[in-house]
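A short worksheet on the structure shown next.
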Amino acid sequence: QVQLAESGGGLVQTGGSLRLSCLASGSTGSINLMGWYRQAPGKQRELVAHVDRYSNTFYAESVKGRFIISRDNVKTAVYLQMNSLNSEDTATYYCYAVYYVTPLWGQGTQVTVSS
């Protein structure tokens, strides 16, 4: 069994930065893809970014150039550095990992960007 624990959300002003962290525990050896989704009120959950064990990354167009995803394979952790935040980034951010072919989710961490 694998569990994901997120941290780092909070309240930040427009233009500010936050760093999210997600640490996997348990049988983490079979995790390949790790990343982040987000869900704003009244909207569908959307992929923000993900990274595989070889550090190949993918970013949603809306965050390219502002967010940086990174991964520590020793710790089985994934991080999301979020810069130049704006109100459209306000959402609950969920860490996810693909365990074999099964997606696993963290409990979510709230990010609120105020003007």
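The values are calculated or read from the model by the stated rules, or taken from the named source; none is laboratory data. Fair warning: this is a prediction, and the values are worked out from it, not measured in the lab. Backbone-built Cβ (ideal geometry, glycine too); neighbour counts: all protein chains shown. What goes into the accessible areas is simple: the full protein's heavy atoms, side chains included, and nothing from ligands, DNA or RNA. Shrake-Rupley method; radii C 1.70, N 1.55, O 1.52, S 1.80 Å.
With respect to (1) small (Gly, Ala, Ser); (2) part of a strand (DSSP E or B); (3) exposed (fewer than 14 other Cβ atoms within 10 Å of the Cβ), the lone exception for GLY65 is condition (2). For segment 26-49, enumerate the residues that are in a strand (DSSP E or B), under 21 Å from TYR99 (Cβ atoms) and free of Cβ contacts under 8 Å to residues at least 24 places away in the same chain. Within segment 26-49, LEU47 is the sole residue that qualifies. I'd like the residue in segment 17-33 that is at pLDDT below 95, of a type in the set (Ser, Thr, Tyr) and loosely packed, with under 14 Cβ neighbours inside 10 Å and, out of all such residues, is nearest to the chain's Cα centre (by Cα). If we take residues in segment 17-33 being at pLDDT below 95, of a type in the set (Ser, Thr, Tyr) and loosely packed, with under 14 Cβ neighbours inside 10 Å, then SER25 is nearest to the chain's Cα centre (by Cα). Suppose we keep only residues that are touching an Asp or Glu at 6+ places or on another chain (Cβ under 6 Å) and assigned to a strand (DSSP E or B) within segment 88-115. Which one would you say is surrounded by the most Cβ atoms within 10 Å (Cβ to Cβ)? Filtering first and then ranking leaves CYS95. A single member of LEU80, LEU85 is part of a loop (DSSP other than H, G, I, E, B), hydrophobic (A, V, I, L, M, F, W, C), open to solvent by less than 80 Å² (accessible area, probe 1.4 Å) and within 19 Å of GLN39 (Cβ to Cβ), and it is LEU85. Against the conditions (1) closer than 14 Å to VAL78 by Cα; (2) surrounded by 12 or more Cβ atoms within 10 Å (Cβ to Cβ); (3) modelled with pLDDT of 95 or more, GLN3 satisfies every one except (3). What are the residues in segment 34-46 that are in contact with a strand residue (DSSP E or B) (Cβ under 7 Å, 6 or more places away or on another chain) and open to solvent by 40 Å² or more (accessible area, probe 1.4 Å), if any? Within segment 34-46, TYR37, GLN39, ARG45, GLU46 meet the criteria. Of all the criteria given as (1) at pLDDT 95 or above; (2) in contact with a Lys or Arg (Cβ under 8 Å, 6 or more places away or on another chain), the one not satisfied by ASN73 is (1).
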